[in-house]
Amino acid sequence: MNKILVINGPNLNLLGKREVEIYGKTSLQQIESETKDYAKNNNLDVEFKQSNEESEMIDWIQECMKNNYSGLLINAGAYTHTSIAIFDALKAIKIPIVEIHLSNIHKREEFRKKSYISEIADGVIFGFGSYSYILAVMAIKNLLKKND
Ligand code: DQA
């Protein structure tokens with residue numbers, strides 16, 4: 001079974017409580033369990049991680065290949081718009097990458113329109129709330145099939 005890593009960045013541990021009008025009422029734990037169920041039905045094994053620290057996220061990205069992940073889904077939170085270090089780490093790995101956001105980042109503040117992750121990701125899914133994660137699993141499954 002292909003292993004997929006899902007990295008969640010800063011403040012996403014507060015989902016369900018944080019700005020619910022933007023991010024919805026679903027907690028990260030619920031998103032994790034729904035995404036895992038969907039992935040399992042699609043023969044994918046998904047692991048979720050969350051960190052508020054950029055360096056920890058970079059370590060996980062670097063370890064992706066060593067740990068035999070076939071694909072990476074990443075919602076880097078606010079680091080999406082600022083982190084050249086995460087961009088560089090993503091450039092160093094050679095597996096499919098799908099960028100995720102719950103909100104439509106193009107419908108919000110101007111500073112959210114810039115994403116360093118989009119410059120390296122195979123594709124981007126945003127604006128569908130927690131369902132963005134399910135759509136991202138669909139997308140990575142399709143990318144892995146193409147690369148087979
Ligand atoms: C987010 C969008 C980012 O701009 C924001 O900083 C987040 C969440 C999203 O999932 O919509 O923390 O990545």
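We did not get these values from a lab; they are worked out from the coordinates using the rules stated. Everything numeric here is computed off the predicted structure, so don't read it as measured data. Every residue, glycine among them, receives a Cβ derived from its backbone with ideal geometry; neighbour counts consider all protein chains shown.
Computed from point charges on the beta carbon alone (+1 for Lys and Arg, -1 for Asp and Glu), the dipole magnitude for the chain about its Cα centre is near 360 Debye. For Q50, the residues whose modelled amide H falls within less than 5 Å of its own, excluding neighbours fewer than 5 places apart on the same chain, are N8. Exceedance of the 30 Å cut-off in Cα-Cα distance is limited, within the set K25/K146; K3/K91; K107/K145; K107/K146, to K25/K146; K107/K145; K107/K146. Could you name the aspartates and glutamates whose alpha carbon sits less than 17 Å from that of K94, not counting residues in the same chain fewer than 8 places away? Of all the aspartates and glutamates, those that pass the test against K94 - Cα under 17 Å, at least 8 places apart if same chain - are D59, E63, E119, D122, D148. Of the two radii for the range 1-142, the radius of gyration is 0.93 times the Kirkwood radius, both from the alpha carbons; that is the Rg over Rh value. Once backbone amide H atoms are built at 1.01 Å from N, H101 has I125, F126, G127 as its partners under 5 Å, excluding neighbours fewer than 5 places away on the same chain. For the range 33-79 and the range 84-148, write down the distance between their C-alpha centroids in whole Å. Rounded to whole Å, the Cα centres lie 12 Å apart. Dipole check for the range 36-122: with +1 at the C-beta of Lys and Arg, -1 at the C-beta of Asp and Glu, and the Cα centre as origin, the magnitude is about 300 Debye. For the range 48-148, applying the loop criterion from DSSP together with a ceiling of 14 other beta carbons within 10 Å to the GluC sites (Glu not before Pro) yields E53, E109.
Please return the longest range in the chain lying between exposed loop sites, taking trypsin sites (Lys or Arg not before Pro), DSSP loop only, at most 14 other beta-carbon atoms within 10 Å, and leaving the sites out. So the longest stretch without any such site is 26-65.
What does the charge add up to near N147, with Lys and Arg as +1, Asp and Glu as -1, over the other residues with Cβ less than 12 Å from its Cβ? Its environment carries a net charge of +2.
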